[in-house]
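Following: one structure in structure tokens, then a few remarks.
The values are calculated or read from the model by the stated rules, or taken from the named source; none is laboratory data. Predicted model only: the values in this text are computed from it and were never measured. When we count neighbours, we look across all protein chains shown, and the Cβ atoms used for this are built from the backbone with ideal geometry, even at glycine. These area figures cover heavy atoms from the full protein model, side chains too; ligands, DNA and RNA do not enter into them. Shrake-Rupley method; radii C 1.70, N 1.55, O 1.52, S 1.80 Å.
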Amino acid sequence: MADSKDAGEEALRRLIATFQPSFLAPNPALSETSRAASRHLFSALRPFCPKSPLDQLLIDGFDAEQIWQQIDLQSQPLLSSLRRQVKHFAKNPEEISKLKVVPLGKKVEKEQREDWVEESDGFDEELEDDEEGEGKGGEEGMDIEDEDEEQGRESDNEEESEGEDEEEKGEDGEAGDGGIEDKFLKIDELAKYLEKEEENFEKAEEDTRGKKGADDEENTEDDDDDDEEEEEEEEESDEDAEFGFGGEDAAGDMENARYEDFFGDKGKYSKKMKAQLHQESEGSDEEDDDMKFKKQNKGTASTHQKQLEKIHSKIEEMEKANLEPKTWTMQGEVTAAKRPKNSALEVDLDFEHNVRPAPVITEEVTASIEDMIKKRITEGNFNDVQKAPKLPSKVPREVKELDDNKSKKGLAEIYEQEYVEKEDPTSAPLSFRDEQKQQASVLFKKLGLKLDALAHFSFAPKPVIEDMSVQINVPALAMEEIAPVAVSDAAMLAPEEVFEGKGDIKEETELTKEERKRRRANKKRRFKAAAVKRMGKKVQEGALPNQMNG
Amino acid sequence: SNMVLSSMEVEAAPEAKPLPPKPKFEPLKPHEMSDGQFQFRKVSVPQHRYNPLKKAWMDIYTPIYEQMKIDIRMNLKARKVELKTRPDTPDISNLQKCADFVHAFMMGFDVVDAIALLRLDELYVESFEIKDVKTLRGDHLSRAIGRLSGKGGKTKFAIENATKTKIVIADTKIHILGSFANIKIARDSLCSLIMGSPAGKVYSKLRAVTARLAERF
């Protein structure tokens, strides 16, 4: 380490000694020396900024810009803390003697600081000269000078532009460095501070709560020094007046001591840590632990906040939903017009089905059906519709069918028969058309007799089927008595049986033209209906209709 | 004397001569009616009835000679059937009846059917031609004849059975044998057939007619 230190110092000295315009041209040897010098300076300043993520300035393979960034990373808080300390010492010169000895070689740092201050004074002139001739090539050489420039510029700029944050950093740095123990011991200062804070708290209630971190930092800084308080308060109040922050947190400071008060702004640190993580390839355990601890602290605080946010957002959502009208599913009876199109398809509705669900056709089902079919076929059990027998309501009129065959009787016999029927009505022949039918009826009568004998002649009364016989309209007495002594006018048939009143009453000769037409039309209609029926029958039987040529 | 009697005087009637007894005349015999002369009827035999006559001669001869007491003989040379009254012919109308009977046979009727003429008085024969009803020529005429008889003669038989008549269709001539009313019905049916109505129509008409006839008695 001493060698490297020496090497670093050597490099520094060499740089100082070089001819300034030589920085303008790119010179690898010069860049090497300047790198080494900057590293030396960096490591020298390292003990003074405990929060910096870099232990060493990384030089190998790094760009000028990257090196510059590293330096910047270290120098920013350092500068602010230095400024604060300088102010502090300016106010309280006696404290300079009370300076504690930092175990990490503070003496050396002290010396270095003094030297650095001198060097800085010396450098300023050089810097001013060099500023004019700056180019890109001279960036590397300008690292140190840039640092010094920074110090000069930043000290001016920060106060003007950046303002609060850096001051806070500086102040935090100071607080983080080691002012805690001292402050807690001073109880008198505490008491005084409390009084002042109570006054501030009243002001704070009126103002809005602005930046938490910023305000807290400001207020914690107040704890540091009684003397500084006023100034700082003034500064803060000035700053507050500038930025509109209230000192509200100042009053509740002791009660709501927060992480930020002691350890600085979490947000900035988190960013820095992230940047350092990206840059550093290796990290010591201490750094890891520190980072982890810081991360955790940041996590718990922010997760709580996150939870709060979540809950708030949820609450807002729910309130919003309550104000709006409900969805149609929650509205009770809803007609199709009141809900969006096809919305019922997306919802899983539950309602009673009054119909049995359609049967699922599986192999078993088809097999069972086929078995049933086969069984029915073998049995011959077809559910054929059978025509209900129509009961004869009226005696069907005996239709005398026209006999197409040549009559076997001669004309004389026909007339003879007619004469005999006329004379003796009872000798009318049976109304059977066929002799075969006659024979059949005789046979059946014999059979019926035998069956009745089996049932001991106690049979159910015969259903009333009216006799299909031609009632000859002859005088009643003539039927009963053979010798018609007195012929009665009363006929066997009642008048309505003789003639119902239906049918054509008027003769053809009596009809008018319209009536004749009407008759013809009716006949045609009846004939057509009968023809259709006949055609239907023939189609049923499968026979083609024969056209009869008359 | 037809003198006016002023007072109520009763003239003694002259003694009436007893009137001669009422003459009792017996009815004139047909022979006597014709002043003892025989009556003749001659019926010509057409060509196509010659053989049937030969076959049915005895059926014709027997009832005429035995029951009607009319002499009958066949004049082969003249091809005529000759009928002559006998002195013991019971009725003067017998001859006419027999002549009608034979004439009916010559028209084409069967002996069995023609015999009815002998037995019943009210039977007549009506003849008419197709051209009397409607002037038909050539095929139309043939078709009309076909319509009249029907397939196998069934239309004709149907009419015969329904109306209790006998019909003979001899080419264009039609003869109907039956009672007056029945002849009318049969004639109407045949005329409608000639005019062109189909057989079914004629049947339905016949059915109605016969039903009415049957209901009458």
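Using the Cβ-Cβ distance between A:TYR419 and B:HIS140 with R0 set to 41 Å, the FRET efficiency from 1/(1 + (r/R0)^6) comes to roughly 0.50.
Within 10 Å of each Cβ in B:105-117, how many Cβ atoms from other chains are there, averaged over the peptide? Before the final figure, lay out the partial values.
Details: counts 0, 0, 0, 0, 2, 2, 1, 6, 7, 3, 4, 7, 2.
Mean shielding count: 3.
Per residue, the accessible area of segment B:73-217 comes to 49 Å² when a 1.4 Å probe rolls over the protein heavy atoms. Accessible surface for B:HIS48 stands near 120 Å², nearest 10, in the context of the full protein assembly shown (1.4 Å probe). Note on A:THR327 and B:SER93: the model spin-label points, each 7 Å out from Cα along the C-beta direction, lie 11.8 nm apart. Leaving ligands and nucleic acids aside, the A/B contact buries around 2200 square angstrom of accessible area in total at a 1.4 Å probe radius. Across peptide B:197-210, the average count of Cβ atoms from other chains found within 10 Å of a residue's Cβ is 2. Here the simple spin-label model places points 7 Å from the Cα toward Cβ, and for A:LYS310 and B:GLU66 these points are separated by 14.2 nm. Here r is the Cβ-Cβ distance between A:VAL532 and B:ASP59 and R0 is 51 Å; the resulting FRET efficiency, rounded to 0.05, is 0.45.
Could you look at segment A:311-401 and say what percent of its accessible area is carbon and sulfur, using a 1.4 Å probe and all protein chains? The value for segment A:311-401 is 56 percent carbon and sulfur by accessible area.
Classify segment B:139-217 as rounded, prolate or oblate, taking a ≥ b ≥ c as the square roots of the eigenvalues of its Cα gyration tensor: rounded when a/c is under 1.5, otherwise prolate if a/b is larger than b/c and oblate if not. Note, shape of segment B:139-217 comes out prolate.
Taking all protein chains together and a 1.4 Å probe, the residues A:GLU333, A:GLU189, A:GLU32 rank A:GLU333, A:GLU32, A:GLU189 from largest to smallest accessible area.
A 1.4 Å probe run over the protein chains yields, for segment A:311-375, 104 Å² of accessible area per residue, whole-number rounding.
Going by accessible surface with a 1.4 Å probe and the largest first, B:CYS191, B:CYS98 read B:CYS191, B:CYS98. For segment A:11-80, the ratio of Cα radius of gyration to the globular rule of thumb 2.2 N^0.38 Å stands at 1.16. In chain B, which whole DSSP H runs stretch at least 20 Å along their own axis (Cα) and average 0.5 or higher on the Kyte-Doolittle scale? Flagged H segments are B:180-195.
Each Lys and Arg adds +1 at its Cβ and each Asp and Glu adds -1 at its Cβ; summed about the Cα centre, segment B:114-217 shows a dipole of about 400 debye.
Accessible surface ranking for B:ARG119, B:ARG137, B:ARG79, A:ARG356, 1.4 angstrom probe, highest first: A:ARG356, B:ARG137, B:ARG119, B:ARG79. Per residue of peptide B:154-165, the mean number of Cβ atoms on other chains within 10 Å of the residue Cβ is 4. Around the Cα centre of chain B, unit charges on the Cβ atoms of Lys, Arg, Asp and Glu (plus for the first two, minus for the last two) sum to a dipole of about 1600 debye. Projected label points at A:PHE444 and B:ARG212, each 7 Å from Cα along the beta carbon direction, are separated by 3.4 nanometres. The accessible surface of chain B, taken with every protein chain in place and a 1.4 Å probe, is 55 percent carbon and sulfur.
Need the full-extension length gain, A:LYS374 to A:ASP403, defined as separation in residues times 0.36 nm minus the C-alpha distance. One decimal, nm. Provide the component values of the computation, followed by the final result.
Numbers: separation 29, 0.36 × 29 = 10.44 nm, distance 5.07 nm.
That pair, A:LYS374 and A:ASP403, stretches by 5.4 nm at full extension.
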